[in-house]
């Protein structure tokens with residue numbers, strides 16, 4: 001991330017970011033996702049909001065923020081890159097985040113919500129920013145999300161520096177609360193789970209990301225324990241570079257089986273729980289379950305239709321088992337958001353995807369070139385926690 005992700009982001013323009021976001025929205029609609037939670041824009045939040053308005057999707061976004069600059073920037077970084085990534089301090093970051101919520105929360109007739117989101121985890125975000133983001137979100141009546149306890153290395157670094165886990169460090173400083181969603185939350189202790197459950201804090205588990213990056217979710221993760229403790233637990237994908245895709249169908253399949261296999265216990269999680277995590281419990285995590293997450297009178301018409309003549313569904317007995325273990329985006333016929341069929345007849349109705357894909361390919365290649373990234377000379381492993 002330090003050597004690849006940040007230089008890439010630093011050379012990304014507002015148009016680059018919008019094009020990437022539109023491609024992502026199209027992928028989500030094609031794979032049956034009607035609502036998303038995103039960490040936020042590095043450039044113009046206004047552009048992302050306009051993109052969401054155009055596409056018609058529902059979601060939560062914000063302004064990406066971190067405030068602790070590296071003492072020794074990695075090779076190839078410039079001062080302009082550092083200034084692009086980091087606010088000068090937590091106070092300035094929170095000021096901008098507050099204004100972002102005031103400017104854009106509730107846009108597109110309520111389909112767009114804006115939270116007080118930060119990058120999270122050390123070394124990029126200070127404790128003041130962690131605590132302040134949740135307090136500000138509470139004051140504004142919205143949520144906050146950030147990355148924490150993402151790897152064993154991060155947890156060991158926190159233990160060495162502070163004598164406690166990343167989650168406990170936030171907890172003892174009164175930073176946990178019901179309006180906080182922690183992304184990843186892989187490297188936690190039993191005590192951490194208890195602290196989060198007591199505070200009402202939720203977590204977004206990203207199974208494919210853990211598999212791709214080797215985070216160790218099935219080895220050290222305590223997601224079944226989180227479920228047992230009554231924590232709100234939802235599914236996420238992380239970014240495509242980290243997780244490989246934005247398909248919630250794939251995450252649901254992984255969640256339904258990973259812990260059964262890892263712990264040799266066929267009763268863990270399973271299809272019904274994984275489906276709930278991808279739907280109503282995900283909506284609860286976002287504080288949006290009064291409008292979405294289930295099909296019932298009085299809620300928004302957000303739903304997915306499957307082609308039951310597709311080979312993935314022929315034959316089937318239990319639809320819950322079929323949707324979790326057999327189905328994929330290939331058998332999705334339509335995706336509806338707010339009463340509109342945004343994906344149908346094999347196309348996202350609100351986008352010219354062919355033209356968009358051509359622009360995305362050109363822009364991605366140009367960013368890599370501007371950033372000077374190369375497999376020949378750019379490290380692929382960071383020692384930021386060493």
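The values are calculated or read from the model by the stated rules, or taken from the named source; none is laboratory data. The shown structure was predicted, so the numbers you read here are calculated from the model rather than taken from an experiment. For neighbour counting, all protein chains shown are included, and Cβ atoms are generated from backbone atoms with ideal geometry for every residue, glycine included.
A few points about this structure:
- In region 353-361, the condition of being over 25 Å from the mean Cα position of the chain (by Cα) and on the phi > 0 side of the Ramachandran plot is met by no residue.
- Which numbered condition residue 121 fails, given (1) at pLDDT below 95; (2) surrounded by fewer than 23 Cβ atoms within 10 Å (Cβ to Cβ): (2)
- Output for region 302-311, where each listed residue is crowded, with 19+ Cβ neighbours inside 10 Å and farther than 26 Å from residue 59 by Cβ: none
- Residue within region 236-245 that is within 21 Å of residue 201 (Cα to Cα), in contact with a strand residue (DSSP E or B) (Cβ under 8 Å, 6 or more places away or on another chain) and in contact (Cβ under 8 Å) with a residue 60 or more places away in the chain present: yes
- Just one of the listed residues (131, 170) is within 22 Å of residue 285 (Cα to Cα) and not assigned by TED's automatic domain parsing to the domain that holds residue 47, and it is 170.
- Filtering region 106-128 to residues that are touching a residue at least 12 places away in the same chain (Cβ under 8 Å), out of contact with any helix residue (DSSP H, G or I) (no Cβ under 8 Å at 6 or more places or on another chain), in a loop (DSSP other than H, G, I, E, B) and under 12 Å from residue 60 (Cα atoms) leaves nothing.
- Selection status of residue 109, more than 20 Å from the chain's Cα centre (by Cα), modelled with pLDDT of 95 or more and closer than 24 Å to residue 248 by Cβ: yes
- Among the residues listed as 98, 138, the single one being at pLDDT 95 or above, out of contact with any helix residue (DSSP H, G or I) (no Cβ under 8 Å at 6 or more places or on another chain) and either closer than 18 Å to residue 288 by Cβ or surrounded by fewer than 20 Cβ atoms within 10 Å (Cβ to Cβ) (or both): 138
- Across region 326-335, not a single residue is classified as over 21 Å from residue 30 (Cβ atoms) and out of contact with any helix residue (DSSP H, G or I) (no Cβ under 9 Å at 6 or more places or on another chain).
- In region 129-136, the condition of being more than 26 Å from residue 56 (Cβ to Cβ) and assigned to a loop (DSSP other than H, G, I, E, B) is met by no residue.
- The set of residues from region 42-79 being closer than 20 Å to residue 356 by Cβ and more than 22 Å from the chain's Cα centre (by Cα) is empty.
- Here 181, 167, 172, 112 are screened, and the one residue that is surrounded by fewer than 24 Cβ atoms within 10 Å (Cβ to Cβ) and touching a strand residue (DSSP E or B) at 6+ places or on another chain (Cβ under 7 Å) is 112.
- Selected residue [surrounded by fewer than 18 Cβ atoms within 10 Å (Cβ to Cβ) and in the same structural domain as residue 183 (by TED's automatic domain parsing)] from 236, 243, 282, 200: 200
- Residues in region 44-74 that are free of Cβ contacts under 8 Å to residues at least 40 places away in the same chain and out of contact with any helix residue (DSSP H, G or I) (no Cβ under 7 Å at 6 or more places or on another chain): 50, 71, 72.
- For residue 230, the criteria (1) surrounded by fewer than 23 Cβ atoms within 10 Å (Cβ to Cβ); (2) on the phi < 0 side of the Ramachandran plot hold in every case but one, which is (2).
- For region 149-163, filtering for residues that are under 17 Å from residue 125 (Cβ atoms) and either assigned by TED's automatic domain parsing to the domain that holds residue 37 or assigned to a loop (DSSP other than H, G, I, E, B) (or both) leaves 3.
- Within the set 93, 83, the sole residue that is within 26 Å of residue 285 (Cα to Cα) and either assigned to a helix (DSSP H, G or I) or touching a strand residue (DSSP E or B) at 6+ places or on another chain (Cβ under 6 Å) (or both) turns out to be 93.
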